[in-house]
1. As an exercise: evaluate B:Leu53 against (1) surrounded by 14 or more Cβ atoms within 10 Å (Cβ to Cβ); (2) within 14 Å of chain A (Cβ to nearest Cβ) and give the number of the one condition it does not meet.
2. Please specify each residue of region A:25-44 satisfying the condition of being within 15 Å of DNA strand D (Cβ to nearest atom), buried (at least 17 other Cβ atoms within 10 Å of the Cβ) and in a helix (DSSP H, G or I).
3. Of the residues B:Glu40, B:Glu67, only one is among the acidic types (Asp, Glu) and more than 13 Å from DNA strand C (Cβ to nearest atom); which?
There are 2 protein chains.
Amino acid sequence: MEKLDAIAALAALAQGTRLDVFRLLVQAGTDGMPAGQIGERLDLPSATLSFHLNQLRHAGLVTFRREGRSLIYVAEYAAMNGLLAYLTENCCQGDASACGIGVCDGSALINIKKGPVQ
Amino acid sequence: MEKLDAIAALAALAQGTRLDVFRLLVQAGTDGMPAGQIGERLDLPSATLSFHLNQLRHAGLVTFRREGRSLIYVAEYAAMNGLLAYLTENCCQGDASACGIGVCDGSALINIKKGPVQ
DNA sequence: TCCATATTTCCAATATCGTGGAAATATGGA
DNA sequence: TCCATATTTCCACGATATTGGAAATATGGA
């Protein structure tokens, strides 16, 4: 992950509403959640929610797919793992693999890969 | 780590100059680095550097100690580990320990603790 | 085609951030 | 005490972020 990508991801998450949205999507897993349902859960006006979803999308932290009239937003686990890897890249005298950074792919526990990010 | 602490840490790191400063201090390890040397390395005006060091300090990401006329800034590894733990807290259907989040304490490799953050 | 629903875009107002020159403060040494 | 060095505080400017009402757009169904 490049520095500018890391900054974009950090800035996107450094905001209460967006952190709430992202964590909700992380919990929702790979099924994702329609925008309307996110707004309902977090009690957000549609324009406000749309703005924040766009920020998260531009930062690469979420994607979406259309299903009928709904747009289903999904957390981008690879981006989160990349951010964790970037933050720990300079730890441990440069031997990031020594940190054993965990990864999450959003699916069932049996699918979770162990070991350092590539 | 509480939500507001996480947001403060994310916001502090979501800025090019501060990310540079923090990573420099992470590399410097527990010895830290005097403010003047940080400014020299990153070519920053003293007022600008001071402002950013303050932001990092308020976010709990760095501390400092005085040594003569110099203030030695040091990365706060616990805060970084707390942030990583917070970000992955909602992964894996709530079983964060399954992610095996790595930790770094800034000292030699032999001191690195393995396993999930408490 | 017409309507209801889901979501986005447009817009303006307010608030906060990042920058760096200049002055102030703290420390140590002569 | 006086000076040099290290760093911070003060200040003001321009840039960027957050908010939400209102209007626009897209989709699906009757």
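Every read-out reported here was derived from the displayed coordinates using simple, explicitly stated rules and does not represent laboratory data. The structure presented is a predicted model; accordingly, all values stated were derived computationally and were not measured. Cβ coordinates were reconstructed from backbone atoms using ideal geometry, including for glycine residues, and neighbour counts include every protein chain displayed.
1. Among (1) surrounded by 14 or more Cβ atoms within 10 Å (Cβ to Cβ); (2) within 14 Å of chain A (Cβ to nearest Cβ), B:Leu53 violates only (2).
2. Passing the criteria: A:Ala35, A:Ile38, A:Gly39.
3. So the residue among B:Glu40, B:Glu67 that is among the acidic types (Asp, Glu) and more than 13 Å from DNA strand C (Cβ to nearest atom) is B:Glu40.
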